[in-house]
Structure formats: structure tokens, C-alpha cells
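Undergrad: Following this message is one structure expressed as C-alpha cells.
Each reported figure results from applying straightforward, stated rules to the coordinates on display, with no laboratory input. Model, not experiment: these values are computed from the prediction. Please note: Cβ atoms are built from the backbone with ideal geometry, for glycine as well, and neighbour counts cover all protein chains shown.
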Protein chains: 2
Amino acid sequence: MNFMKKPSLFFLLSLLISQVVSAQSPGVLSIRKFIQLNADKMISEYSEFLALPNVAANPVDLKRNAAFIMEMMTKRGIRNVQLLEASTRGIPPAVYGEVIVPDATQTLVFYAHYDGQPVDPTQWSKGLEAFKPVLFSKAIHQGGVAIPFPSDGKYEGDWRIYARSASDDKAGVAAILNAYDALIKSGLSPGSNLKFFFEGEEEAGSTHLNEILEKHKSLLQSDLWVIADGPIHQSGRKQVVFGVRGDTHLNLTVYASRRPLHSGQYGNWAPNPAMMLARLLSTMKDENGRVTINGFYDDVIALSPTERKALEEVPSVDEKMKNELGISAVEMPGTSLGEAINLPSLNINGLQSGNVGKMATNQIPATASAVLDLRLVLGNDWRRQQQKVISHIKAQGFYITEKEPTDEERKNYGKIIKISPEDGYNAQRTTMDLPIVQKLLAALKTTTPEQVILQPTMGGSLPLYLFEKHLNAKTITVPVVNHDNNQHAENENIRIGNFFEGIETMGSLMIMK
Amino acid sequence: MNFMKKPSLFFLLSLLISQVVSAQSPGVLSIRKFIQLNADKMISEYSEFLALPNVAANPVDLKRNAAFIMEMMTKRGIRNVQLLEASTRGIPPAVYGEVIVPDATQTLVFYAHYDGQPVDPTQWSKGLEAFKPVLFSKAIHQGGVAIPFPSDGKYEGDWRIYARSASDDKAGVAAILNAYDALIKSGLSPGSNLKFFFEGEEEAGSTHLNEILEKHKSLLQSDLWVIADGPIHQSGRKQVVFGVRGDTHLNLTVYASRRPLHSGQYGNWAPNPAMMLARLLSTMKDENGRVTINGFYDDVIALSPTERKALEEVPSVDEKMKNELGISAVEMPGTSLGEAINLPSLNINGLQSGNVGKMATNQIPATASAVLDLRLVLGNDWRRQQQKVISHIKAQGFYITEKEPTDEERKNYGKIIKISPEDGYNAQRTTMDLPIVQKLLAALKTTTPEQVILQPTMGGSLPLYLFEKHLNAKTITVPVVNHDNNQHAENENIRIGNFFEGIETMGSLMIMK
């Protein structure tokens, strides 16, 4: 097998040492062997899967993806394969299947999602199309070039496949189903009952997930959900993530004159909404990046001593990331990335008023808009967090409306803002000391000689609270893909090494007892 | 003729009274009669002119406009029609023509410009296109609807034509050339030698105007330049403007991470350029709208007693405008519009970072940009004024660059801003007591029963200092268009009444001796 760098004496030697050090289980070694012999078939099937458009907005495309997954499952001998549908027509279904193991004392559900983010074709690199998977010699930003798929089935770890959802999250589907295939065909037995749940609406906000979970409550009973989504740690090490941040948004629009004005004829007499908005936003954080909104950091449930300890053991990537991102200062000086994502956050996703660049004109714009993104940690309630921001805006002297201001409102108020709050959801965190979590960590350790990183929470958001709410389920996230995969953006990709290592990861969890 | 409100007994009566009161000259009445009979032809020619795209950035389009104007001039018997070109190829030329009158003791040059501001089609009202002129029953913001051009040639004063440059400043070109046409065809004689100068680069900053004026110095000798640009007074009265503000711009871009980041995974750790920019902009003004930049209001040459007296006699439109614009507070409480435009100003023309609305994504943008517009009054120097702002930005801890930051700069500086200063020009003011100015005021008074307003300066900017510098010329601005014309923005329009009254205004100046 050849998905690391080109083999060399040094490589073979270090592989040998790592296997000794990590006490890799015979099971994992069998799976690895199977991958080595079947890399070609796996990649070929994966390319077919990636070639199916899966933009969340197009239900017909998503049905094709669901059918493809059902076939993958049936081919592998998975039973009770079916679509779990919402009551509304046209909603992408979840794909379900199961393997019931006699004598198993526990049940795991493996989760991934098969829908993808929208694609702006103009942003992808020349020659790349989101749904024509192409193999590259390494990452494009590292100078990689397109290469043919190898006829000898030998893949190198640093090669990448570029396509929408190559990482997010068809990689999760493929890692799970290939792991089961490798396990069965290597003569191994699952250590638990296995259930498979592949969602089709994650990138559209999982709007019908609650209904699907509620409807299939009994089918979906388990001891643990394993969520295969998100990237491994920036250090390249495997990680287990115990929680996610919650998320919600506020859309703000400041209103000034009814129409854009000539900035000469009315400049410094008529109010400028861009300046009003800038002044408002500037009151929300101090110069050290701390949010100054009253009570913003209240409600937070502190990390437990175990979680705090785990966080301290996460290797720091701050300097590496600063270098990669070309920044020399962080927003909250003295706060590490790990600490920052364990705090509620306020971010400006977008700002717009008038025009800049070639389209700029000499105007006082009529309105100025911003989108605020509020990430939440355990203890925050998304409605309460929105309310804190709204109260702050009110305290700055703004009259708040939910629609275009009326003539009457314009007459009565000097500072008018429209606030359109979006729906949101809260954070979720699974406690680290559950016995089944301990078993899972032990299983994962058999796949790697390196430290497995334990993250109390990841920075991103997933509606994992739904599993708790509807099924009383425990969830834990086990990512497989590289951190620089460009998920949600142009040139999404997966590193081949991560693709194969992800199969081992999932396999190790399936055989654990 | 029917370009006021629908005729009524009251209207006819008031028209009669106004003619008596204002002692309108027979010349002006002949011109009015001519307009009445030829409204249809004039509007039809004007619509053709407006249908020619004239965005300042596109020299090929501007050439077509120049050719159209030359034809208009030739058709009217204007002599020596020619293009005055800059030495650089592709620069929109000025269009020149003249009428030399035996025995005339003075020479007037009539100025307007034919290029227009950029167009963002998405911002125009549904169904409107910038270069497809459409007639409306009144202003859109007053509930006007599209109506066909009348087959009987009868136009009402409150109707409007919507198109880019309908007011700014093809209206100036049309008012001047139609006035000459009306005058000649009514058997009147010009009282002065008339020269015509239509610029094609005004909205692009008149970058080559100096060269054109210098090159054609002797051709352009005159006693007075009449600048037909900008709107009449908001009270609806005619006005004469003795000066203009200067203008210059600074384009700002704050740089944060090299690429947009997932706002969950890096939120509140990676710097947010939109917040950095908002904080910077908020330091530029206090809560009373006063610019807090060091020395910003220095250098200003105070109004003379005559100018101050004229300013005091300008009817206040503050309450009317607040009502019209739907604002209840002005930027500098206690400062009138008239006072405000006699101060240097700082305005945000545009703000942009990430996306808002439907295109918003959960990102920390990589950059945030703003355009600052600095208006200048007599005494300000545009380079010095820019420098004050740049020094202020530096004092806020920013590292200033003129291009994309290098890796080295990214490593060394936490707050990086690119500043791209644009060229600019200074303010200009013509003294009120020149004899030819007094004659001009007397001529104007023959066109209206109402007070003609004398404005020491207008809020807008024109590079009038160039005429003084290169030709030692006097300039005076005589606007024709309605104040609510949306110039420089979407839905630009001209009120039909103003279109026709502008012709009378220009005609009265051409026949004055």
C-alpha cells in the first residue's frame, strides 16, 4: 500500500516502528491490508459518487445520491436499507441501514451527510469543475498539478482529489461504508450492532431532521452516535470532538435618507448610514477583541476539569495557523485558538453600503447592512444571546424595527435599524467520562502511534442537540478529512492519505466491543 | 405649452400675474413659445441622446456621445464645431463650437459635461434600465408610474424622464443647445459672442481638462464661463452659485487573513477586517458628527461679509428636506445645510466586506473596504486634506501600504491597511460684485417672478479652479435640474418642468447684452 509519501527505507522503517509503538490491533492491520489491495476500486467508486451533483437546493440530484448510497450499502450486505423521509415532499431523505450482531451488547450509529454546499463555478480554479473529480499531485496551493488516476492502483498520501463534497461530507459516507466492507471481507466481525444514517439536508440547515428522528425513534436507538464530519486537527493528528458550538445570526440594516444622496450637496448634513453602522459595530468589541455587550459571556457552563485538561493537551497550532493565514496578531491577544472557540463569539460575516472600487459613486448611501454571526457555547441560549445584542443596539439609541421604517417612524426617530433575527440552535457537549467513550478512545488509539486529540468542542456548528432532544442520544464527532480541504468554498478537496486513514478510523470503531 | 401642472383657471391667472410681476422680457416669452411648439421634437432628440451609454470608464461610448453633440450643434448652425482632444489616446474629448456676433462686446462660454457616473443595474427599480429613457407620471418615490411619450406633444411639468445623466449633465448640454435653437428660430440675436464647451471626462475627475484648456487657451478666451451643472435650489427657486467645493477620495482596504475563514472554526481568534474597519471609521467623527481628525477644519478661508449676507438670505430648506428625505436628525445637530456645505466634509461613499443578504456566508472575510469622500472649501488643499486623514489612520496603529501586503508585511504588522488616494482638486469661489455677474443676475430675473438665490458655494464639486488657473477665467454656475434627481445613483431622472425652464434660463443669458 502506498498512500503515504513514496516508499523508502526510512518510510518502511518508521512504519514498522510506529506499528510497534502504537500496538496496532490485528484488526486494524487487516483493514489496512485490505485498503492497500483495493485502493483502486474504492477510489473509482468514490469518483463516481463525487460526480453526482449534490447541491442542497436541488432535491432531484440528492435523490440520485441517496440511490447511489443505497446501492453501496446493499452491495456490502448491509440490511434493512431504506430511505427515512420527511412528511413534506421533495425533502432529501436520510438513508438508513443496519447490521445486527448476535451477542452484541451495544449499538453504534454512524452518521455522515451526502448533500453539499452551493457551487460558484467562477471561483473554482481554471479547468476544475465541482462535479468532475480530478486527481492532483498535491494541494493546488502547494503547487500541485492534475495527474491521471494511476493504472497500477498505487496512491500516494499527499495526492488530492478535487470536487465538491470530496471532504464535506461524502468522505464520511465513504469512510464508513468502506470500513464495513474492509472489515467483513477481512473476516472480522463487528463488535457492536451497527446502524448507518446518512443525512441529505445538513447544508440546508437540517430543517427536517427533528421530524425524521422523532418518526424513527425506535429504529434509531443506540448507545452512541459517531458523527463523521469536519476536519482532523490542524497538526495532522486524529481528534475526537465532544461538542459543537451553537449558531445564530442577526441581519442589521441602518436607515438614513429615503434615497441615496449626492455626497457633496448633502455631505455632513444628512446622516450617513455607513458611519452610523460603523459606530454601532465599534461599540460591540473593545480594542482587545472582547465583546462589550452586557452579559455576553454570562450563562457559559465552564469546562469540567477533564475537559479543561484535554484542552490543555491539544497541541498548539496558533503559530502554524498565523503563518498559514498571514496574520501576526489575533483578535483577542493572549487567547489561544482552543480557548477562543470555547467562548461565545460575535463576528461580522458581511458589511455593505453603497459601493466600493470601480462601482463607487459620490453618494451618501440610503442604508448600510451587516450580518452578525453569533456562535454559542454550552449554557448559551440562542434567543437570549440574540436578545443581548438587540438590547445593546437599543442602548446605543437606536429605534428597532423588523421591517422598512414607516414615514411616521422616520419622523420620530433619528437612528433607525431593522433587525432580522434568523433561527438558530444551541451548543451541545458530550461528557468525556462515559464508559463507551473510553472504549472508543482506546479503539482509536490502535490506529495511530500519535496522540489522539480530545477536543471539548469544535469551532463549527452542527445541530447535534437534536439527537439528544429527540432520541436522548449521546453523540461524538470523529472527523477524517484534512483541515485544508476548502470545505464550503471553491476547490474543495480531500487528501488521499486522509481518505484511507479515515477508513481505518471508522473500522477500528466498528470492531471495538 | 403644458409643462407645468394641468392648466386651470388658477394656473392661467397666476401665470399672467407672474409675467406682470417679473417683467419677463419679450425675448424670454418668445423662447417659451418656441419650446411650447417644439416640446415633442426636443424630448425626442433628448431621449435619443440619453439612450447613448456614457459611463465615464468607456471611451468608445463617449465618442458616440461626442459625435451626437457635434451633430446637434451643426444642425443648429453653430460654427467651428470640433473636438478638443488630450494628447493621450482614448481620452474622451471636449466638444467645442462658437457663434461670433458682430458688435458683441463680451464673450460667454457655456459649459456642461456629457459623461455619466457608473451604473449598477441591480440597484435600479424593476423595469428601469439606465440607458432606456422612460417617461413617468411623476417621481417614482412620489408614486409615479411609467407612461407612454404623449403623441400630442403636450408634456406636464411634474412628469419625469428616468435615465442615467438625464439630469447630470446631459440636461446641461440640452438646455444650452435648445436655448440657442429657440433663440435663433424665434428671430432673436445673441447679445454676446457664444462659445460652447462640453466636457467628456467630468465624472472621471477631469484629469485631462488642464491639458485641453492649456492647449486651446486662445480659442477659449471669454468674459465669463456659465457652468450648467448641479440642481436648482431645493425650494424650487432658481439659483446662481459662485463657487464649488473641492473633492478628493481615499480608498481604504483593511487586510486580515489571506483567505476567508470559517467563522465557527476561527471566530474571535482570527482578526475580522470588517470590525477593524468599523472601529477605524468610528474614530473619525464624534457623536455630533464633527470630524475628529487633527486639524481637519483648519485652513478654511471664511466667507466675505457679502457672501455671508447672501447665505443668510437663502431660504431655509432644512425642514422641507428632512421631511422629503425621511430623516429626523441631521449629522451635526444645530448646523444648517447652508453652513454644512461651507465646511470641509468627510463621508463614507461605500463599505464592503464579505456578503450580506442571500449571498451571506459564515465567514470571516479576508478584507474590508471603504471609500472616503473628502469635500473641500476655499483654503483647503486636497493633498494636505488627504494627508490629515492618512496621519489619523496611522495614529490608530495601522501600517499603511499602497498595494497588497507582502508576506513580510503580514508577519510584521497586526493592523494593515492599503490606502489608494485618488487625485483631487481644490474649491473655487468667484466674487459676487463683478459687473458681468450683475448683468447675468438681471437677465435671470427676467425668467422668474421669484427671488433668484445667490449661493456662495454649492455642495457639489467641479474642477472650476482649472479655468482660473489656465485661462484666468471667471466662472459662475447656473443650474437647471430638479434637486431630487438621484444624480450619481440609481433611478436618475429629470423633471420635465425643469428641462423646459432650463432652456429659458440659458436663453435669457444668451440674449443679455
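Undergrad: Run the label-point distances for residue A:407 please: 7 Å along Cα to Cβ, every other copy, nanometres, shortest first.
TA: Reported distances to equivalent positions: 6.2 nm.
Undergrad: Report, for residue A:138, each distance to the same residue's label point in the other copies, shortest first and in nm; define the point 7 Å along Cα→Cβ.
TA: Distances between equivalent label points, in nm: 7.0.
Undergrad: Hey, another quick one. Note the full-extension length gain between residue A:423 and residue A:402 as 0.36 nm times their separation in residues minus their Cα-Cα distance, in nm to one decimal.
TA: Length gained between residue A:423 and residue A:402: 6.1 nm.
Undergrad: Which FRET efficiency value, to the nearest 0.05, is calculated for residue A:309 and residue A:287 with the Förster distance at 30 angstrom and r the Cβ-Cβ distance? The partial results should precede the final answer.
TA: Details: r = 32 Å, r/R0 = 1.07.
My answer for the efficiency is 0.40.
Undergrad: Related question: Which residues does the label zone of residue A:359 cover in the stretch B:204-219, counting backbone N under 15 Å from a point 7 Å along Cα→Cβ?
TA: Label zone hits: none.
Undergrad: For chain A, find the longest principal axis of its Cα atoms and tell me its angle to the long axis of helix A:170-185, 0 to 90°, nearest 10.
TA: Relative to chain A, helix A:170-185 is tipped by roughly 10 degrees.
Undergrad: In debye, nearest 20: dipole of the stretch A:318-423 around its Cα centre with unit charges on the Cβ of K, R (+) and D, E (-)?
TA: Magnitude of the dipole: close to 300 debye.
Undergrad: Could you give P(r) for chain A, binned at 20 Å from zero, as whole percent values over all Cα-Cα pairs?
TA: Answer for chain A: a P(r) of 21, 51, 24, 4, 0 percent.
Undergrad: In whole Å, how far is the Cα centre of the stretch A:373-402 from that of the stretch B:402-463?
TA: 41
Undergrad: Moving on. Between A:109, B:148, A:240, whose Cα lies farthest towards the positive end of the dipole of the protein assembly as shown when Lys and Arg beta carbons carry +1 and Asp and Glu beta carbons carry -1, centred on the Cα centre?
TA: Comparing the listed Cα positions along the dipole, B:148 ranks first.
Undergrad: Ok, one more. Magnitude of the Cβ-charge dipole of chain B, K/R +1 and D/E -1, about the Cα centre, nearest 20 debye?
TA: I would put it at about 320 debye.
Undergrad: Taking beta carbons within 10 Å but only from partner chains, what does the mean come to for residues B:254-262?
TA: So the per-residue partner count for this stretch is 5.
Undergrad: Would you please classify the overall shape of the stretch B:145-236 from the alpha carbon gyration tensor, given that a ≥ b ≥ c denote the square roots of the eigenvalues, rounded means a/c under 1.5, and beyond that prolate means a/b larger than b/c while oblate covers the rest?
TA: Oblate is the answer for the stretch B:145-236, as a/c is 1.5 or above yet b/c matches or exceeds a/b.
Undergrad: Could you tell me how many degrees, from 0 to 90 and to the nearest 10, lie between the Cα long axis of helix B:9-22 and the main elongation axis, the longest principal axis, of the Cα atoms of chain B?
TA: So the inclination is approximately 90 degrees.
Undergrad: Classify the stretch B:76-205 from the C-alpha gyration tensor, please: rounded if a/c falls under 1.5, else prolate or oblate depending on whether a/b exceeds b/c.
TA: oblate
Undergrad: Oh, and also: What ranking do A:161-173, A:476-488, B:331-343 get when scored by the average of other Cβ atoms within 10 Å per residue, highest first?
TA: Highest to lowest by the protection proxy: A:161-173, A:476-488, B:331-343.
Undergrad: A follow-up question, please. Nearest 10 degrees, 0 to 90: what angle lies between the long axis of helix A:273-282 and the longest principal axis of chain A (Cα atoms)?
TA: 60
Undergrad: Taking each residue of B:359-369 in turn, how many C-beta atoms of other protein chains fall within 10 Å of its C-beta, and what is the average?
TA: Average per residue, whole number: 6.
Undergrad: About the Cα centre of the stretch A:224-353, what is the dipole size in debye to 20, counting +1 per Lys and Arg Cβ and -1 per Asp and Glu Cβ, all else neutral?
TA: 480
Undergrad: Within the set A:358/B:445; B:126/B:322; B:75/B:474, which residue pairs have Cα atoms separated by over 31 Å?
TA: In this structure, A:358/B:445 exceed 31 Å between Cα atoms.
Undergrad: Tell me the trypsin sites (Lys or Arg not before Pro) within the stretch B:367-443 that lie in a loop according to DSSP and have at most 10 other beta-carbon atoms within 10 Å.
TA: B:403
Undergrad: Let's test this: bin the Cα-Cα distances of the protein assembly as shown at 20 Å from zero up to the farthest pair and state each bin's percent.
TA: So the P(r) values, bin by bin, are 12, 36, 27, 18, 7, 1.
Undergrad: A follow-up question, please. Is there a simple number for the mean count of other chain Cβ atoms within 10 Å of the Cβ of residues in A:316-324, and what is it?
TA: For peptide A:316-324, the averaged partner shielding equals 2.
Undergrad: For the stretch B:180-218 and the stretch A:473-509, what is the separation of their Cα centres, given in Å?
TA: Between the Cα centres of the stretch B:180-218 and the stretch A:473-509 lies a distance of 70 Å.
Undergrad: While we're looking at this one, here's another question. When the chain is fully extended, how far beyond the present Cα-Cα distance does residue A:211 get from residue A:381, taking 0.36 nm per residue of separation?
TA: 59.0 nm
Undergrad: Determine the sum of side-chain charges near residue A:346: Lys and Arg each +1, Asp and Glu each -1, restricted to other residues whose C-beta is under 11 angstrom from that of residue A:346.
TA: After counting each charged neighbour, the total is +2.
Undergrad: What are the distances, in nm and sorted shortest first, from the label point of residue B:309 to the label points of the same position in each other copy, with each label point placed 7 Å from Cα along the Cα-to-Cβ direction?
TA: Going from nearest to farthest copy, the values are 9.0 nm.
Undergrad: If one computes the Cα centroid of the stretch B:305-326 and of the stretch A:294-354, what distance in Å separates the two points?
TA: 52
Undergrad: Work from the charge dipole of the protein assembly as shown (Cβ charges, +1 for Lys and Arg, -1 for Asp and Glu, about the Cα centre) and give the residue of B:125, A:66, B:200 farthest towards its positive end.
TA: Looking along the dipole axis, the top candidate is A:66.
Undergrad: Still on this structure, I have one more. Could you work out [θ]222 nm for chain A from helices alone, using -39500 (n - 2.57) per DSSP H run of at least four and dividing by all its residues? Round to the nearest 500 deg cm²/dmol.
TA: Working: 14 runs with 164 residues, N = 513.
Computed mean residue ellipticity for chain A: -10000 deg cm²/dmol.
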